[in-house]
Amino acid sequence: MKPKFYILPVIIISQFFCTSLWFVGNVVIDDLASHINASFNILGYLLSFVQFGFIIGTLTFALLTLADRFSPSRIFMICAFLGGLSNIAILIPNITIFNLLTARFATGFFLAGIYPIGMKIASDYYKGGLGKALGYLVGALVLGTAFPHLINHFSLSSDYRIVIISTSILAFIGGLVMWSLVPDGPYRKLVSKLQLGIVTQLFSIPSFRKAAFGYFGHMWELYAFWAFVPMILKTYANHHFIKIPIPFWSFSIISIGVISCILGGFISQKTGSKKVAYISLLISGLLCLISPLLFQLPPFFFLLVLSIWGMLVISDSPQFSTMVAAAVPSELRGTGLTIVNCIGFSITIVSIQLLSFLIEQIDDTISYMILCIGPILGVYALRKT
């Protein structure tokens, strides 16, 4: 049965609106730092607490098989509302570092009911051509991730609260639209009881295990790259004594991944998801290795190569999700996607914190080479499939 024409656009728009919550703390870091007394570099901690919240959230959702036992659209709406409230909580007057990090943790926790649940909803509607559908959906995540940078760039005032309030409003709208317009899909199979042994059951499936390991390598690189794009731009500008509109270019370099996600989805229909994921991961890994050379390039070529990196660092993500979804029984698809997200985002905390540490200890132009570890291991996992 072919889904109604508006189903995929609604899922995409809702995903875009709600995932705009993800990088809000990083976008307004300078303003937040001026309102609190932090004796350490808080940038890595802001994102890591979102990731940590997402990990605990996905672990909770996976162990309780919530996405496969209850209406995913309703779960999406509830988490969108609670995530928006958690996001706006960082505007509490005289907020402490503890409360700030707690609010970001809560935002991450409820994002666990948005990103993987959105993919679950799509998989319940699109049995065939899932790689293309998830290409659009991950593209929405990319745009949502980058969007706060754009709001910050075009803000008519220097009031950082505009970014926070506007992204929370978008999350409220996205959750309401998903719940009201996207009912449970025709390919959804209900799990009637709790299955606490589901994680070991899933990893006993060879195709699931190998796709998951490839995804884990991809995640080592992805969020660390996204988190430090503004710092990469700032480092380059300082080394070359030039001015770069950092919010605008941060948005551009991250959001250009929308194009590669969509193109990868179409290409995967002819070549298969594995090939798209393999090539993307291989080339982005090479860019990690040669990253010190990028700081020697003229501005035009530096921004061009960084944009290409922004495309390739994410184009494999929907294809890994497609491979994971295809490897598990349909009634456990939501849980399979969620547990892989849980472990993948756990890995991002390690890479983000390691990169944050290295930048303080060694030449920051060579620190980004450490990101190649993930693609190397991911490529190896894919070659074994």
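Every number here is computed from the coordinates shown, using simple stated rules; none is lab data. From a predicted model like this one, the values you see are computed outputs, not experimental measurements. Reconstructed Cβ throughout: ideal geometry from the backbone, glycine too, with neighbour counts over all protein chains shown.
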Proxy exposure order for C261, C342, C372 (fewest C-beta within 10 Å first) is C372, C342, C261
Full extension between I366 and F70 adds, at 0.36 nm per residue less the Cα distance, a length in nm of 101.8 nm
Which of K120/K275; K2/K274; K234/K270 exceed 29 Å between C-alpha atoms? The answer is K234/K270
About its Cα centre, the stretch 234-383 carries a charge dipole, from +1 on Lys and Arg Cβ atoms and -1 on Asp and Glu Cβ atoms, whose size in debye to the nearest 20 is 400 debye
Ranked from fewest to most other Cβ atoms within 10 Å of their own Cβ, W249, W226, W22, W179 fall in the order W179, W249, W226, W22
Rounded to the angstrom and largest first, Cα extents along the principal axes for the stretch 215-278 equal 46, 22, 16
Most fluctuating of T348, T338, T235 in the GNM of the chain (C-alpha, under 10 Å) is T235
P(r) over all Cα-Cα pairs of the chain, 20 Å bins from 0 to the longest distance, whole percent per bin, short to long, reads 30, 60, 9, 0
Within the stretch 284-385, DSSP-loop trypsin sites (Lys or Arg not before Pro) with at most 11 other C-beta atoms within 10 Å are K384
Result for the chain, cysteines with no Cys Cβ partner under 4.7 Å, is C18, C79, C261, C342
When the chain is treated as a Gaussian network with springs between alpha carbons less than 10 Å apart, the largest mean-square fluctuation among K132, K210, K234 is found at K234
In the stretch 262-385, taking the dipole from +1 charges on Lys and Arg beta carbons and -1 charges on Asp and Glu beta carbons about the Cα centre, the listed residue (L297, S280, I359) farthest towards the positive end is S280
Lys and Arg at +1, Asp and Glu at -1: neighbours of N341 with Cβ under 13 Å from its Cβ sum to +2
Scoring the chain by relative contact order with C-alpha pairs under 8 Å, at least six apart, yields a percentage of 28 percent
Ordered by fewest other Cβ atoms within 10 Å, a rough proxy for footprinting exposure, S268, S180, S330 read S180, S330, S268
Excluding residues fewer than 8 positions from K127 in its own chain, the aspartates and glutamates with Cα under 20 Å of it are D68, D184, D316, E331
Using alpha-carbon positions, the gyration tensor of the stretch 54-104 gives root eigenvalues a ≥ b ≥ c; with a/c under 1.5 called rounded, otherwise prolate if a/b exceeds b/c, else oblate, the class is oblate
Of the convex hull enclosing the alpha-carbon atoms of the stretch 159-317, the direction-averaged projected area in nm² is 13.7 nm²
Note to self: Kirkwood Rh of the stretch 94-180, Cα pairs, one decimal, Å, is 15.1 Å
Filtered hits (aspartates and glutamates, Cα-Cα < 19 Å from K243, offset >= 8 within chain) -> D30, D364
Full extension between F266 and I173 adds, at 0.36 nm per residue less the Cα distance, a length in nm of 30.6 nm
Gyration tensor on Cα atoms of the stretch 263-385, a ≥ b ≥ c root eigenvalues, a/c under 1.5 rounded, else prolate if a/b beats b/c, else oblate, says oblate
Quick note, the stretch 297-354: a/c under 1.5 would make it rounded; otherwise a/b > b/c is prolate and the rest oblate (a ≥ b ≥ c, C-alpha gyration tensor); here it is oblate
